[in-house]
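Following: one structure in C-alpha cells, then a few remarks.
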Amino acid sequence: MQIRPWWDAGPVTGPERLPSLPDEEGGDPACWVRRVCPACGRLADENPPTRCPACGADLPDD
Ligand SMILES: [Zn+2]
C-alpha cells in the first residue's frame, strides 16, 4: 500500500464547472449555442463570427 500525501487523500468533490452562460434573456434562446467552439467546446466571449479564445478555431456566422 502506497502512502498518499495529505493533499491527494481527499476524494474529488464538486461537479465539474460548466462554462458560464450569459445572463441575457430573451431573443433567440439558442444564440449562445453558436458561440460554442466546435473544436474544443469552449464558449466564445462574443457572438460569431469570431475566433475561439481557447484554441483559435473559427466560429463562422451562419
Ligand atoms: Zn476552441
## Note on the structure
The simple spin-label model distance between Ala54 and Trp6, using points 7 Å out along Cα→Cβ, in nm, is 3.4 nm
### Residue order, fewest to most beta carbons within 10 Å, for Asp45, Asp8
Asp8, Asp45
#### Entry: Label-point gap, in nm, between Ala39 and Ser20 - each point 7 angstrom along Cα→Cβ
2.4 nm
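Only the coordinates and a few stated rules stand behind these numbers; no lab work does. Keep in mind that this is a model prediction, so the values were computed, not measured. Please note: Cβ atoms are built from the backbone with ideal geometry, for glycine as well, and neighbour counts cover all protein chains shown.
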